[in-house]
Amino acid sequence: MDSKTTLNKNHVVATLGKPATEITKQDLIGYVISENIEMVNFMYPASDGRLKTLSFVINDPDYLDTILSQGERVDGSSLFEHIEPGNSDLYVMPRFSTAFRDPFAEIPTLTMLCAFFDKDGKRLANSPDNTLEKACRAFTDVTGLRFEAMGELEYYVIYPTEQLFPARDQKGYHESAPFVKTGDFRALCMSYIAATGGRIKYGHSEVGNFNLDGMTYEQNEIEFLPVEATSAADQLMLAKWVIRNLAYRNGLDVTFAPKITTGKAGSGLHVHMRFVDAEGRNVMLGSDGKLGNDALTAIAGMMDLARAVTAFGNTNPTAYFRLVPHQEAPTSICWGDRNRSVLVRVPLGWTTGGDMCAAVNRGSSATEGSGIGRQTVEIRSADGSANIYYLMAALAVACRHGWEMADPLGKAHETYVDVDIHRAENAARLSALDHLPSSCVESAGALEQARPVFEERGVFDCRLIDSVIGKLKAFDDVSLHERAKNDPELMKSLVETYFHV
């Protein structure tokens, strides 16, 4: 039994007593037999950003060995818009490291995420999983570092308004029961997500809290721990699947939509990143305890490609209703320390040098080196409309781009701000900054202009880029925001259309 699996909430990992990355086919066959598993589910992300499911009844060990060894055929044209029906057959092959016991299935079921392969048995060039893997490999090839990430998943839980202990409008941040009503539901979600293999950092109630048409909208956030970017994307996909399923089973509604109504907090999908060397050390900080050149170089790349990244992180018209001033969502392309008005934020990183544990706990002290490795940088533009794998891949490309720019440290210097850029006295600084797109159409144009960088090293397939640009342009939303501001019915219709992003 590996000591690192003792507290693991994933039943497969805990039962096998080995890390998920070391699980083999024979391990899973043994697990199915010993745990009396009756069904196996394959799950995989499609271009709509949702997980799809293929279910198998396990009749005998030979059939189990066959599907674990060879996967199964699926219709790619029904999963991806950029695949022609005449050449659409694909293979899905389970990734054993993602195996978990389905927490919702009444029949004992083992579930795994899958990779896509084409008719020749090669990884599908433009699939979400392969695109992210290629982006991470290219990042490592250029930098010698590993790209790690973690997500902050924000969502609203909706239920009929209660009169007892009402929460204050837009004052729900870290509130406790009884002033928030869905804390137990969030805890249940966290427990189930952990059972699928998710490495959760914490959960809490968020700022957004309001009543509308007899319903209360209560915002929550679940944040994860940094892992390799491919695993980070898997965890976020499964987390959305878990939250929706639990809401359905508990008579609640949930939404990850970026904007529900004007004047209220929208929901983002903030992504933290860090870079790790071959020895597993976080290299975000220099010897002086401040951001090092590696982190600054990556920030420069994100500043240079920020407009194009929205094509993957903000994929429907309501996403751009969130990216407006004074809503704790970014609009200008800049970065700063602990500053929530910027696009890329450098959060606190446990570099004080003091022992806070000893200061408040008699006879205890911090473990030596316990704060090392916690520094990240956070991009705040993306939201729940993102295709998570493509978004993570785009961020890996953007960070790598910093190493390929002529003067990345100069770019980092010129885009740094240490003030609230939306205050009147900082108007001159604000006017000197570039801005994020204000519509899907504008985002498509930004990606079109930057596409050579995303296609470089074969990361993003050209057909995928064409598909993303075409889909964004088809929204034809250049003036939509202005029209919706003066037309409540139009805003309501848009929210309903994109409610379940």
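For the stretch 55-98, name all the residues that are in contact (Cβ under 8 Å) with a residue 60 or more places away in the chain and open to solvent by 20 Å² or more (accessible area, probe 1.4 Å).
If the condition is that a residue be in contact (Cβ under 8 Å) with a residue 60 or more places away in the chain and open to solvent by 20 Å² or more (accessible area, probe 1.4 Å), then Glu81, His82, Phe96, Ser97 are the ones that fit.
Just need a number here: residues in the stretch 389-440 that are of a type in the set (Gly, Ala, Ser) and under 28 Å from Ala135 (Cβ atoms).
So the count comes out to 10.
Taking the stretch 1-45 as the region of interest, how many residues are among the β-branched types (Val, Ile, Thr), open to solvent by 70 Å² or more (accessible area, probe 1.4 Å) and not in a loop (DSSP other than H, G, I, E, B)?
The qualifying residues number 2.
Checking the conditions here, which among Thr376, Thr352, Thr367 is open to solvent by less than 70 Å² (accessible area, probe 1.4 Å) and of a type in the set (S, T, N, Q)?
One residue alone meets the criteria, Thr376.
Look at the stretch 262-275 and say how many of its residues are farther than 23 Å from Lys171 by Cα and either touching a Pro at 6+ places or on another chain (Cβ under 6 Å) or surrounded by fewer than 18 Cβ atoms within 10 Å (Cβ to Cβ) (or both).
Selection size over the stretch 262-275: 1.
In the set Thr367, Thr351, Thr376, Thr331, which member is free of Cβ contacts under 8 Å to residues at least 40 places away in the same chain and farther than 24 Å from Arg50 by Cα?
Thr367 is the lone residue from the list that is free of Cβ contacts under 8 Å to residues at least 40 places away in the same chain and farther than 24 Å from Arg50 by Cα.
Could we say that Thr310 is hydroxyl-bearing (Ser, Thr, Tyr), in contact with a Pro (Cβ under 7 Å, 6 or more places away or on another chain) and surrounded by 20 or more Cβ atoms within 10 Å (Cβ to Cβ) here?
Against the criterion (hydroxyl-bearing (Ser, Thr, Tyr), in contact with a Pro (Cβ under 7 Å, 6 or more places away or on another chain) and surrounded by 20 or more Cβ atoms within 10 Å (Cβ to Cβ)), Thr310 qualifies.
Considering only the stretch 97-112, state which residues are β-branched (Val, Ile, Thr) and touching a Ser or Thr at 6+ places or on another chain (Cβ under 9 Å).
Thr98, Thr109, Thr111
With respect to Arg244, is the statement that it is more than 30 Å from Glu455 (Cβ to Cβ) and either modelled with pLDDT of 95 or more or not in a loop (DSSP other than H, G, I, E, B) (or both) true?
Yes.
If I ask for residues that are among the aliphatic types (A, V, I, L, M) and under 19 Å from Gln170 (Cβ atoms), which ones from the stretch 199-229 would you list?
Scanning the stretch 199-229 gives Val207, Leu212, Met215.
State which residue is surrounded by the fewest Cβ atoms within 10 Å (Cβ to Cβ) when the search covers only the stretch 127-175 and only residues that are out of contact with any helix residue (DSSP H, G or I) (no Cβ under 6 Å at 6 or more places or on another chain) and aromatic (Phe, Trp, Tyr).
Across the stretch 127-175, the extreme among qualifying residues is Phe165.
Give the residues of the stretch 256-304 that are aliphatic (A, V, I, L, M), within 17 Å of Met150 (Cα to Cα) and not in a loop (DSSP other than H, G, I, E, B), sorted by residue number.
Scanning the stretch 256-304 gives Leu269, Val271, Met273, Val276, Ala295, Ala298, Ile299, Met302.
So, of the residues in the stretch 205-220 that are assigned to a strand (DSSP E or B) and over 10 Å from Ala265 (Cα atoms), which turns out to be most open to solvent (accessible area, probe 1.4 Å)?
Looking at residues that are assigned to a strand (DSSP E or B) and over 10 Å from Ala265 (Cα atoms), I get Asn211.
Say we look at the stretch 392-450 and pick out the residues that are buried (at least 16 other Cβ atoms within 10 Å of the Cβ) and of a type in the set (S, T, N, Q); which of these is nearest to Gly470 (Cα to Cα)?
Checked the stretch 392-450; the qualifying residue nearest to Gly470 (Cα to Cα) is Ser443.
The values are calculated or read from the model by the stated rules, or taken from the named source; none is laboratory data. Here the structure is a predicted model, which means the values were calculated and not measured. Glycine also receives a Cβ, built like all others from the backbone with ideal geometry; neighbour counts cover every protein chain displayed. We work out accessible area using only protein heavy atoms, side chains counted, and drop any ligands, DNA or RNA first. Shrake-Rupley method; radii C 1.70, N 1.55, O 1.52, S 1.80 Å.
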